[in-house]
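The values are calculated or read from the model by the stated rules, or taken from the named source; none is laboratory data. What you see is a predicted model, and the numbers here were worked out from it, not measured in a lab. Reconstructed Cβ throughout: ideal geometry from the backbone, glycine too, with neighbour counts over all protein chains shown.
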Amino acid sequence: MEKFDDVKQIKESYSEHSETDYEKLRKLDAKAKRPAEVFAYIFGVMAALILGVGMCLAMHTIGPATTAMLAVGIVVGVIGMIMAGINYPVYKAILKRSKAKYSFQILTLSDKILNEDMQQQ
């Protein structure tokens, strides 16, 4: 049986592959979600780094140990916290806008796939 699976896999790797409607639907869905996810990861990492720098400044781990640096560290840390706090709402807004952009194509393709499945049953 293992031999049969290997032969089948090798044959499929050399044959032409035409993209199915389901694969197109999955790619469109990923394309709709990608901008929001990329933003969320990048903005979230920046927020965490800014928050960390603020904490280091406030605890005098970096920079001179002065009261002014404590205040600067607190301000920078609060900015990082605000950025982390708004990350999710901004992500949701970008996702909503992106889904609206691709919704017609996704819904049309979904209906086509569902109709084909209903006819086969």
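See the values below:
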quantity	calculated
Single unsatisfied condition, Ala100 versus (1) in contact with a helix residue (DSSP H, G or I) (Cβ under 7 Å, 6 or more places away or on another chain); (2) part of a helix (DSSP H, G or I)	(1)
Options Gly54, Gly73, Gly77; residue that is in contact with a Cys (Cβ under 8 Å, 6 or more places away or on another chain), of a type outside the set (D, E, K, R) and over 30 Å from Ser98 (Cα atoms)	Gly73
Top-ranked residue in segment 54-77 [being in a loop (DSSP other than H, G, I, E, B) and of a type in the set (A, V, I, L, M); ranked as surrounded by the fewest Cβ atoms within 10 Å (Cβ to Cβ)]	Ala65
Residue under evaluation Gln105, criteria (1) at pLDDT 95 or above; (2) surrounded by 12 or more Cβ atoms within 10 Å (Cβ to Cβ), criterion not met	(1)
Per-region count, segment 91-121, residues closer than 20 Å to Pro35 by Cα and among the hydrophobic types (A, V, I, L, M, F, W, C)	7
Ser18 among the hydroxyl-bearing types (Ser, Thr, Tyr), under 30 Å from Glu116 (Cβ atoms) and exposed (fewer than 11 other Cβ atoms within 10 Å of the Cβ)	yes
Residues being over 30 Å from Gln105 (Cα atoms) and loosely packed, with under 15 Cβ neighbours inside 10 Å - total across segment 29-47	2
